[in-house]
Each structure stands twice: as C-alpha cells, then as structure tokens.
1. Output yes when any residue across the stretch 91-111 is under 19 Å from PRO62 (Cα atoms), modelled with pLDDT of 95 or more and not assigned by TED's automatic domain parsing to the domain that holds GLY23, and no when none is.
2. Of the residues ILE18, ILE38, which single one is of a type in the set (A, V, I, L, M, F, W, C), part of a strand (DSSP E or B), within 24 Å of MET213 (Cβ to Cβ) and at pLDDT 95 or above?
3. Inside the stretch 194-245, can you point out the residues that are surrounded by 15 or more Cβ atoms within 10 Å (Cβ to Cβ), in contact (Cβ under 8 Å) with a residue 60 or more places away in the chain and in a loop (DSSP other than H, G, I, E, B)?
4. Does the stretch 167-180 contain any residue that is touching a residue at least 12 places away in the same chain (Cβ under 8 Å), assigned by TED's automatic domain parsing to the domain that holds LEU134, more than 25 Å from LYS150 (Cα to Cα) and not acidic (Asp, Glu)?
5. If you scan the stretch 143-159, which residues turn out to be part of a loop (DSSP other than H, G, I, E, B) and either buried (at least 16 other Cβ atoms within 10 Å of the Cβ) or not assigned by TED's automatic domain parsing to the domain that holds VAL188 (or both)?
6. Could we say that ALA123 is surrounded by 16 or more Cβ atoms within 10 Å (Cβ to Cβ) and in a helix (DSSP H, G or I) here?
7. Restricting attention to the stretch 77-106, report how many residues are closer than 20 Å to SER138 by Cα and more than 17 Å from the chain's Cα centre (by Cα).
8. Look through SER66, SER100 and report the one residue that is among the polar types (S, T, N, Q) and in contact with a strand residue (DSSP E or B) (Cβ under 8 Å, 6 or more places away or on another chain).
Amino acid sequence: MNTVRPPPQTKARASLGILGGMGPRATHYFTGELLSAIESRHRPKRDQDYPNLFVSYACHLPDRNSILTDNSKPLLEAVAREAQRLVELGCSEILMPCISAHALLDSDLSQFPFLDIRSITAAHVAACFSKATLGVLSTRAARVSGAIKKLAPNGQRLDTLADQEEERLMVFIYQNAKTWNRGEDVSVLNGLVGTLRQRGCDLIIAGCTEVEMCLARHARAADGFIFPLKLAAQHYATTWTGRRE
C-alpha cells in the first residue's frame, strides 16, 4: 500500500510576530486592525499577498501589574521566552500590543527585534499634533513604571488621571473589558475622557489596549483620540514591502 510521506519540514519565514494574550480580545482587535491596514495599503488579491504572521496568544504571561513590585522578573523572563520562540519561527520584527508591558523594553529585551508602539505614536503626534494638549487613559502599571512617557514627543505634556479616577479605569479594565462582557458599556470611559477634556486636554491617547479596543468601536476621526494600536498597524503596513525573506 502506498503511503503519502510528509515533505521535509522547513522553517516558515514570517514578516511579523505578534506577542499577544495581554489580553486575548485586545490581541484579536489588533490583528484585525493590522489586516485592515494591509488591505488598505496593499490591496491584496490572494492569500499570498498578505504578510506571514505568527500570532502568539501567550495568555499565561503574568499580569503586567507585577512590573510595580519587586517580583517583576517572572514577567520579564516569560516575555523573553515568548519573544525567543517568535524569533526561532523566523520573525524579523515583533509587536507587543500591551502598553504596560512596554516598560520592559526600556531596560531589557534589547536583544529582540521589538517595534516600540510608543515611539510610533509619539512620532505621529509630533508630526500632526505638536501643539495639542495631551491626556492619556492608561493602567496604573503603565503610569507608575513610566511606560507611557514615550507616547508623547519630548517636551510635550501628558496629563494622567487622578488616583480615584485611575482606580475607576482599573476596575473597568479588569472587571469589564478583560472579561466575557468585553466592555460593552463604555460610559465609564466616556466619563473619564470628559474629565480629561475639562482639564484642557484636546487629544486623548488610549494608553491601554483594552481602552482602545472599547473606545474605537464608537469613535469618529474627529473625536480627538489617538489609538496607538491602529497607528502601529498602519506603520507596519506602510513599511512592509510585500516581500518575504
């Protein structure tokens, strides 16, 4: 009896690795934005016209609030292991759709080819909104670790929430947006946006993946939001040449 032998295994070359799972739905949102950006820029007509992607839903990663403790080493080591896997799969660039986890890029992980979503965002703000008063909706970990500072160009002020307001945001993220409910009721976010606008912020940066995921469903271009994940997706679509290694 003839048997079909599998072909020799070869390592697939990927244009981009997405280190996600922080949280899963936000990763799904970012992947959708990336495909939309590729389609808008490159007008693919077949599967082979899209970039090769490896999307890791690394949901086992420790919560990013561990950055605020003396026990952040497990998070760093876990992210490094996932990044190494993506590199071994052939990824020449890695995007991590979690602003809080970007704190790790400021002192470690330089051996991996991460694209910094914050730098992409800051470059866009500098080019288009250099005179804007900026506000940001971010997690406590992203604020305290200093991860959000790179969302704004050098010298441009970035206003954050007061402690009680930040706590309301954290409750929304962890008890709503990260759950099966997925942030269907965005009234809390709208209220916090209104608070920042009352303080004079005319441009609001969604400094958390869940915040962007929830706000982007209802936002219009004229609403004065900056969505870093959308910008990162557009940046990659612009720089991708359509060629594979």
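1. For the stretch 91-111, residues under 19 Å from PRO62 (Cα atoms), modelled with pLDDT of 95 or more and not assigned by TED's automatic domain parsing to the domain that holds GLY23: absent.
2. Working: ILE38 fails: part of a strand (DSSP E or B).
Answer to the selection: ILE18.
3. Listed by number, the residues that qualify are CYS201, CYS208, TRP240.
4. yes
5. Just the residues of the stretch 143-159 that are part of a loop (DSSP other than H, G, I, E, B), to begin with: 145-146, 152-157.
SER145, ALA152, PRO153, GLN156 - these are the residues of the stretch 143-159 that are part of a loop (DSSP other than H, G, I, E, B) and either buried (at least 16 other Cβ atoms within 10 Å of the Cβ) or not assigned by TED's automatic domain parsing to the domain that holds VAL188 (or both).
6. Criteria not met by ALA123.
7. Within the stretch 77-106, residues that are closer than 20 Å to SER138 by Cα and more than 17 Å from the chain's Cα centre (by Cα) number 0.
8. On the way: SER66 fails: in contact with a strand residue (DSSP E or B) (Cβ under 8 Å, 6 or more places away or on another chain).
After ruling out the rest, the residue left standing is SER100.
The values are calculated or read from the model by the stated rules, or taken from the named source; none is laboratory data. Fair warning: this is a prediction, and the values are worked out from it, not measured in the lab. Heads up, the Cβs are rebuilt from the backbone with ideal geometry, glycines too, and the neighbour counts pull from every protein chain shown.
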